[in-house]
Amino acid sequence: HSTVISTPATVSRSRHTSTFYNDVVQGLRAQQKYLDPKYFYDAPGDVLFQQIMQCPEYYLTACEMEIMQEQSAAIAAAFDEHASDYDIVELGAGDASKSVHLLKQLLDNGVDYTYFPIDISGNVIQLLEDSLPESLPGLQFQGLQGEYFEMLKVANDISPKRKIILFMGANIGNFTPFAARSFCQQLRRHMHPGDLLLTGFDLKKHPQLILHAYNDDAGITREFNFNLLRRINRELDGNFDISQFEHFPTYDPQTGSCKSYLISLCDQQVRIGDNVVIKFRENEPLYMEISQKYDPVEIDQLASLGGFAPVARFSDHRNWFSDYLWQ
Ligand code: AVJ
């Protein structure tokens, strides 16, 4: 059991015509320069993100881990109350270190399901394929490497059962509230009657706590951001000089928008491959990522605008993080 299903080779073409290349060039040529945070997750990026999740400042992982460890029985009961004969699909599964508790609970309950972890990182999916047989003996699973909706269709083609979709780790925070709304609407269109969605939200809390989570003292989050520039240098033949950029995380407590930037420290030119030269002005920001924070009212609004009805909510003891079950 070790075949990862991934996007057909026609989609990832040679160096200068890949979607990665096109997205990077489009973002760097924009009036307000930006990069897509999904590209953080190459092999070194995966390692750095693992380290972020272990940072004392990055409370999100510990919060959701607590929810999964202590409330898996309640979550499984909610699944069975609102769905029957289902599989589990996880969008952005990562190392699945939180969801394994829930998966184990379902196995213990005798639920007959297949687990479909979906991730943009082929590296992550391969690691899961290698580790799951040991961590969860008897689990039926199929790793899917690629984009969420494309791979959700693949999961539905493989198995006709209803799907319970896990979208944990506050991954939804990587969308602006506007984009989160259209993501939820799109996701709902890819779901069938009787499917459920369990999604994790990082909640608004003291702004300093939030800012610190994205500005850890060891500088791992900074390295995580710089790694994307290094990836561009490596994979797209770029020549970013990392020492000429500064990591600048921000949090706006009013809107809940936590954004990180890399600030150009001087007027400079960056070359990508043979054909592209990007000019940066001194102090010009390169927008790297949003990690949106929500309050419960905003989450209920998002559910209803997305076409979902809230079913249950599971929170950690400090009420810093919630996993919502929607139908
Ligand atoms: C994986 C998107 C949930 O936004 O908190 C962590 C990524 N970036 N530190 C987040 C991230 C910087 C993370 N998500």
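The values are calculated or read from the model by the stated rules, or taken from the named source; none is laboratory data. The model shown is predicted, which means the values in this text are computed figures rather than measured ones. With ideal geometry, Cβ positions are generated from the backbone for all residues, glycine too; neighbour counts draw on all protein chains shown.
If you take the residues of the stretch 183-211 that are under 20 Å from Gln327 (Cβ atoms), under 17 Å from the mean Cα position of the chain (by Cα) and of a type in the set (A, V, I, L, M, F, W, C), which of them is surrounded by the most Cβ atoms within 10 Å (Cβ to Cβ)? Ranking the qualifying residues of the stretch 183-211, first place goes to Phe201.
Against the numbered list (1) away from the ligand (no atom under 16 Å from the Cβ); (2) touching a residue at least 40 places away in the same chain (Cβ under 8 Å); (3) closer than 23 Å to Ser291 by Cβ; (4) not in a strand (DSSP E or B), Glu129 comes up short only at (3). Among helices (runs of 4 or more DSSP H) entirely within the stretch 1-118, having at least 2 residues that are of a type in the set (D, E, K, R) singles out 19-29, 59-82, 99-108. Tallying residues that are modelled with pLDDT of 95 or more, touching a helix residue (DSSP H, G or I) at 6+ places or on another chain (Cβ under 9 Å) and among the acidic types (Asp, Glu) within the stretch 81-126 yields 3.
Restricting the stretch 259-273 to residues that are in a strand (DSSP E or B) and more than 16 Å from the ligand (Cβ to nearest atom), the residue that is surrounded by the fewest Cβ atoms within 10 Å (Cβ to Cβ) is Gln269.
Quick check: is even one residue across the stretch 170-182 within 15 Å of the ligand (Cβ to nearest atom), of a type in the set (Val, Ile, Thr), under 30 Å from Ser257 (Cβ atoms) and surrounded by 18 or more Cβ atoms within 10 Å (Cβ to Cβ)? Within the stretch 170-182 (the criterion being within 15 Å of the ligand (Cβ to nearest atom), of a type in the set (Val, Ile, Thr), under 30 Å from Ser257 (Cβ atoms) and surrounded by 18 or more Cβ atoms within 10 Å (Cβ to Cβ)), the answer is yes, since at least one residue qualifies.
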